[in-house]
Amino acid sequence: MIKPRFYIVLALLTALFFVSCKDPNEYRVDAEFTDYLNRFVQEGASRGHTFDLKGNGLIIEFAKLKNNNAGLTHYEDPIRIEIDKAYWTAIGKTAGADMMKEDLLFHELGHGLLKREHLNSTLENGDWKSIMCGGDKVNGRAWNINYKGIRRNYYVDELFNESTPAPDFSSNMFLADSTGFKKALALDFNTVQTAGWTLGEDANHKISIETANGNGRLRFQSKVTDTYLVFVKTNIDVLSDFSYELNLEYNSTDLTGQYGVIFGHHVEGTSGSNEPIEYFTINNNKNMYMGNRTWYSFFTELYEPQVLPGGKNTLKVFKIGTMIYYFINNVYSYCSEMETSVSGVYFGFLVPSNGVVLLDNLLICQKPASGVSAKIKQNQQLEFDVTTIKSLNQGIILNK
Ligand SMILES: [Zn+2]
């Protein structure tokens, strides 16, 4: 027990120690973060929030964080934010880095300057409701937040005002105009002639036709641990409006292996690494993923009850204008901007590590530009390519 007089002396000494060692109004922000801090201040100002950062003090610094943390906010005087240097460097090397960095800084500033806590609820379409998602995991869901494009303004609104109404993009109603699409390429895999891909086997994979009850399906067997990207070269540019659908079955007890469709720019014979290829995948855990290979990771992870684990799943996308609309088994599931901005005429599918995938009814349709009649090239010569990639998504999003 400490005597009162001694206690007072100790308290005074302690106070003196802190006054002399630490300035409660210290302002020290690493130059890497000033642009994002300025954006935060500007976005706040346009929403009626003002901050006296230099007066009140603020520290934002790099650190080496543990436990898969990307950022940490300490409620000290002044507020001190730590950003993991390795993570910052890693996301900085990929497409979408700017929005990922902004997301991370805005989240920490949400804690530090707006005193917001974590909020892990979701919107109707499954998107995280808030940029403040983080902390304790929810059903093991990845922290990836689709923070870009039409979503950014909503997330910034929500950051400064938690009662921001649900945005249009989060509706489960499909309202885009999907009429007028005409068949451009179809493969039913019923015969060797309509199989498209060359049948055969090598050390890494085997392509064959499997027929049951008169219906043929293309069977792709991977013998490698890498992920297979399997392409067909078409005359359909992904920059145009199109729809692409494919029925896939991955009858396996593997719950995490992703299978699905791909489209975009590909250079034949290359590894497919970091090419601007869009992907849309599911797994047998009823998760859905979407993204672009040039990005650090998938845009977000969703739970979609309409997925049939191990069954025949039809994945379909409509690309209309800047947006991609995703469907699973005819249920509209999600929409997001297409990130590929370069021409690409490759469509295909994706096979998980050592997986066997059965394909049926590949169909690509196009919306002809007005005045141009759609001509279906019935017997066009198609070229095919297969390639493997080390991992579909290059990085793991850390907690914040
Ligand atoms: Zn947080």
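In summary, N146 fulfils each of the numbered conditions (1) within 14 Å of the ligand (Cβ to nearest atom); (2) out of contact with any Lys or Arg (no Cβ under 6 Å at 6 or more places or on another chain) with the single exception of condition (1).
The condition (being buried (at least 19 other Cβ atoms within 10 Å of the Cβ) and of a type in the set (S, T, Y)) is satisfied by just one residue among T211, T227: T227.
Of all residues in the range 131-147, none are surrounded by 14 or more Cβ atoms within 10 Å (Cβ to Cβ), farther than 30 Å from T73 by Cα and touching a Phe, Trp or Tyr at 6+ places or on another chain (Cβ under 6 Å). Annotation note: of H107, H49, H111, the sole residue that is in contact with an Asp or Glu (Cβ under 9 Å, 6 or more places away or on another chain), modelled with pLDDT of 95 or more and within 13 Å of the ligand (Cβ to nearest atom) is H111. Scanning the range 43-62 for residues that are out of contact with any Lys or Arg (no Cβ under 7 Å at 6 or more places or on another chain) and either within 30 Å of N292 (Cα to Cα) or small (G, A, S) (or both) yields a count of 7.
Looking only at residues in the range 125-140 that are away from the ligand (no atom under 11 Å from the Cβ) and part of a loop (DSSP other than H, G, I, E, B), which one is nearest to T300 (Cα to Cα)?
My answer is D127.
Table: residues versus (1) within 16 Å of I236 (Cβ to Cβ); (2) modelled with pLDDT under 95; (3) among the small types (G, A, S).
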position: R293; (1), (2), (3): no, yes, no
position: V307; (1), (2), (3): no, no, no
position: V357; (1), (2), (3): no, no, no
position: L363; (1), (2), (3): yes, no, no
position: F384; (1), (2), (3): yes, yes, no
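For the range 64-108, the set of residues classified as among the acidic types (D, E) and assigned to a loop (DSSP other than H, G, I, E, B) consists of E76, D77, listed by residue number. Here A86 fulfils each of the conditions (1) within 30 Å of N274 (Cβ to Cβ); (2) within 16 Å of the ligand (Cβ to nearest atom) apart from (2).
Listed by first and then second residue, the pairs with beta-carbon distance under 7 Å, at least 6 apart or on different chains, first residue in the range 104-127 and hydroxyl-bearing (S, T, Y), second more than 10 Å from the ligand (Cβ to nearest atom), are S121/K129; T122/W128; T122/K129. Here E61 fulfils each of the conditions (1) in a strand (DSSP E or B); (2) within 13 Å of the ligand (Cβ to nearest atom) apart from (2).
For the range 178-195, check the following and say yes or no: at least one residue is surrounded by fewer than 11 Cβ atoms within 10 Å (Cβ to Cβ) and either under 30 Å from Y334 (Cα atoms) or in the same structural domain as I131 (by TED's automatic domain parsing) (or both).
Yes.
The values are calculated or read from the model by the stated rules, or taken from the named source; none is laboratory data. On a predicted model such as this, the values are computed, not experimentally measured, just so you know. In this analysis, Cβ positions are derived from the backbone assuming ideal geometry, glycine residues included, and neighbour counts consider all displayed protein chains.
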